[in-house]
Amino acid sequence: MASPKALYPGTFDPITFGHLDIIERAQALFDEVVVGVAAQSTKTPLFPLAERVRLVEEAVASFPRPVPVLPFHALTVQFAKERGIHAIIRGLRAVSDFEFEFQLALMNRKIAPTIETVFLMPRDSFIYLSSSLVKEISRLGGSVSCFVPKTVEEALRKKLLTGFSD
């Protein structure tokens, strides 16, 4: 049997310390954790796909074990199947996340019954953290250095100075 692999999908717009905490926790459970950066979403990303991939790659570069970072345009379960991945990691911050994540997990199970969803909670200090809040703080001129890696903070500042254009 192949070593267990997991997929941690998301838009990562931008990646936060909460996301990195989930990746670190997942690495303790799986032989390989692939970060899938979703191109399509109901959200309108601030950063283009290539930049989100680059920011995630830079954020995980210092991890003790390699973390492949791949963009994807398909259904998450299809992307996982194509790579021989049998587990999808989802982060849960609060009860408010649960309903949506539970519905998503059940839909994924219906589409791909052999792929399991594993819910992980971030460290308490990151429970409130979201990419949306980080972007809003940055837009309003606040410091986000305690929420995101330095490269992400610099990318947000650059976006701010250029009026959030691509």
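The values are calculated or read from the model by the stated rules, or taken from the named source; none is laboratory data. None of these values were measured; they are calculated from a predicted model. Cβ placement follows ideal geometry from the backbone for every residue including glycine, while neighbour counts extend to all protein chains displayed. We work out accessible area using only protein heavy atoms, side chains counted, and drop any ligands, DNA or RNA first. Shrake-Rupley method; radii C 1.70, N 1.55, O 1.52, S 1.80 Å.
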Answer yes or no: is there a residue in segment 36-56 that is free of Cβ contacts under 8 Å to residues at least 12 places away in the same chain and open to solvent by less than 90 Å² (accessible area, probe 1.4 Å). no
Among (1) out of contact with any Ser or Thr (no Cβ under 9 Å at 6 or more places or on another chain); (2) in a loop (DSSP other than H, G, I, E, B) - the single one F12 does not satisfy: (1)
Pair list, Cβ under 9 Å, 6 or more apart: segment 69-98 residue in contact (Cβ under 8 Å) with a residue 40 or more places away in the chain and assigned to a loop (DSSP other than H, G, I, E, B), other residue basic (K, R) and surrounded by fewer than 21 Cβ atoms within 10 Å (Cβ to Cβ): R83/K5; G84/K5; I85/K5; H86/K5
Determine whether segment 90-101 contains at least one residue that is open to solvent by 60 Å² or more (accessible area, probe 1.4 Å), of a type in the set (F, W, Y) and modelled with pLDDT under 95. yes
Cβ-Cβ below 9 Å, separation at least six or inter-chain, first residue in segment 139-154 and open to solvent by 50 Å² or more (accessible area, probe 1.4 Å), second part of a loop (DSSP other than H, G, I, E, B): which pairs? R139/F164
Residue count, segment 110-137, condition over 13 Å from D21 (Cα atoms), basic (K, R) and not in a helix (DSSP H, G or I), comes to 0
Only one of (1) over 22 Å from T44 (Cα atoms); (2) among the hydrophobic types (A, V, I, L, M, F, W, C); (3) surrounded by fewer than 17 Cβ atoms within 10 Å (Cβ to Cβ) is not met by L104, so which one is it? (1)
If you take the residues in segment 57-68 that are assigned to a loop (DSSP other than H, G, I, E, B) and of a type in the set (G, A, S), which one is surrounded by the fewest Cβ atoms within 10 Å (Cβ to Cβ)? S62
